[in-house]
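The values are calculated or read from the model by the stated rules, or taken from the named source; none is laboratory data. Worth saying up front: this structure is predicted, and the values here are computed from it rather than measured. Note that we place each Cβ from the backbone using ideal geometry, even for glycine, and neighbour counts take in every protein chain shown.
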Amino acid sequence: MKIVVVGGSGLIGSKVVAGLRRLGHEVTAASPSSGVDAVTGEGLAEALAGARVVVDVANSPSFEDAAVLAFFEASGRNLAAAEAAAGVEHHVALSVVGTDRMLQSGYFRAKLAQEGSIKASGIPYTIVRATQFFEFVPAIAESGADAVDRTVRMPTALFQPIAATDVAAALVDVALAAPANGTIELAGPERLPFAEMVRRLLASKGDDRAVVADPDARYFGAAIDDRSLVPDDGSLVGPTRFDDWLAAAVASGR
């Protein structure tokens with residue numbers, strides 16, 4: 001079966017491509033570097049010819065409010081038109097747990113707009129909302145870093161991050177299943193406060209900065225609480241634990 005992975009050269013996309021190819025499918029890794037640009041529409045018709053499934057894991061290069069909205073609006077519009085012309089039978093999209101609860105954030109507003117365009121497209125679909133990736137925890141830590149007093153201030157809220165490999169494995173399964181015409185949530189196995197996860201990360205790197213749990217700290221500018229970024233009951237749960245991921249990262253020198 002031919003499957004096109006939009007954003008197929010990125011962190012998640014490259015793993016999805018590899019997983020589908022291991023199962024014997026014909027996979028096109030579509031990205032601007034391969035001459036396929038969903039934002040401009042360049043190369044889409046050729047890439048989607050004969051495809052039965054499209055997996056969209058592309059992300060905006062800019063998180064500025066207007067830019068990220070323009071990215072998801074344009075790519076969604078172009079993908080829907082190209083998929084309809086090619087007779088695509090299943091559109092799979094990666095989104096974020098809490099998208100509809102985090103509307104202070106321009107990024108989450110853009111993701112919600114993307115989800116709305118998918119639902120309105122008429123193409124059978126499955127939206128997979130995942131929590132933050134383990135690979136993103138270092139950036140979360142640095143977002144709260146204070147260079148003056150060498151502290152890292154984190155929200156007191158809970159989150160439930162997941163390994164990128166587990167996200168990719170779930171997307172492979174979803175791509176090969178029938179369209180849900182709905183949303184699936186996906187998270188890691190541990191629900192803990194931001195501060196605890198960041199303490200574990202810094203300790204694994206020998207970083208002695210103090211991590212401060214601050215109820216007023218924000219998540220990239222947005223206020224959050226214990227429900228903002230965690231899934232509802234019944235979500236899919238990836239198997240990889242954060243400490244195991246950290247140990248593997250240290251062993252590999254990442």
Item to complete: Give the number of residues within segment 141-187 that are over 26 Å from Ala248 (Cα atoms) and in a helix (DSSP H, G or I).
Response: 3
Discussion item. Return the residues of segment 1-35 that are within 18 Å of Gly87 (Cα to Cα) and in contact with a helix residue (DSSP H, G or I) (Cβ under 6 Å, 6 or more places away or on another chain); say none if nothing qualifies.
Written reply: Ile3, Val4, Val5, Val27, Thr28, Ala30
Fill in: Selection from segment 10-26 of residues that are over 14 Å from the mean Cα position of the chain (by Cα) and surrounded by fewer than 23 Cβ atoms within 10 Å (Cβ to Cβ)
Ala18, Gly19, Arg21, Arg22, Leu23, Gly24, His25, Glu26
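Residues are listed down the side, and each one gets a yes or a no for (1) out of contact with any Leu (no Cβ under 7 Å at 6 or more places or on another chain); (2) crowded, with 16+ Cβ neighbours inside 10 Å:
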site: Ala141; (1), (2): no, yes
site: Ala147; (1), (2): yes, no
site: Arg153; (1), (2): yes, yes
site: Arg199; (1), (2): yes, yes
site: Ala213; (1), (2): yes, yes
site: Asp216; (1), (2): yes, no
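Can you pull out the residues in segment 44-79 that are closer than 19 Å to Ile127 by Cα and of a type in the set (S, T, N, Q)?
In the first step, residues of segment 44-79 are kept if they are closer than 19 Å to Ile127 by Cα; the result is 51-60, 68-69, 71-79.
Once the filter is applied, which keeps residues that are closer than 19 Å to Ile127 by Cα and of a type in the set (S, T, N, Q), segment 44-79 yields Asn59, Ser60, Ser75, Asn78.
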Practice prompt. For residues that are surrounded by fewer than 19 Cβ atoms within 10 Å (Cβ to Cβ) and in contact with an Asp or Glu (Cβ under 9 Å, 6 or more places away or on another chain), tally how many sit in segment 27-39.
Written response: 2
Worksheet entry | Single unsatisfied condition, Ser33 versus (1) over 19 Å from Phe133 (Cα atoms); (2) modelled with pLDDT of 95 or more | (2)
Discussion item. Being over 25 Å from Arg150 (Cβ atoms) and in contact with a strand residue (DSSP E or B) (Cβ under 7 Å, 6 or more places away or on another chain): is that true of Ser235 here?
Written reply: yes
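Does segment 91-104 hold any residues that are more than 26 Å from Thr165 (Cβ to Cβ) and in contact with a strand residue (DSSP E or B) (Cβ under 7 Å, 6 or more places away or on another chain), and which are they?
Let us first name the residues in segment 91-104 that are more than 26 Å from Thr165 (Cβ to Cβ), namely 100-101, 103-104.
The answer is Gln104, and nothing else.
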Item to complete: Kindly check whether there is at least one residue in segment 225-232 that is among the hydroxyl-bearing types (Ser, Thr, Tyr), more than 23 Å from the chain's Cα centre (by Cα), surrounded by 14 or more Cβ atoms within 10 Å (Cβ to Cβ) and under 22 Å from Pro155 (Cβ atoms).
Response: no
Discussion item. Restricting to segment 31-53, name every residue that is in contact with a Ser or Thr (Cβ under 6 Å, 6 or more places away or on another chain), touching a residue at least 40 places away in the same chain (Cβ under 8 Å) and within 14 Å of Gly76 (Cα to Cα).
Written reply: Ala38
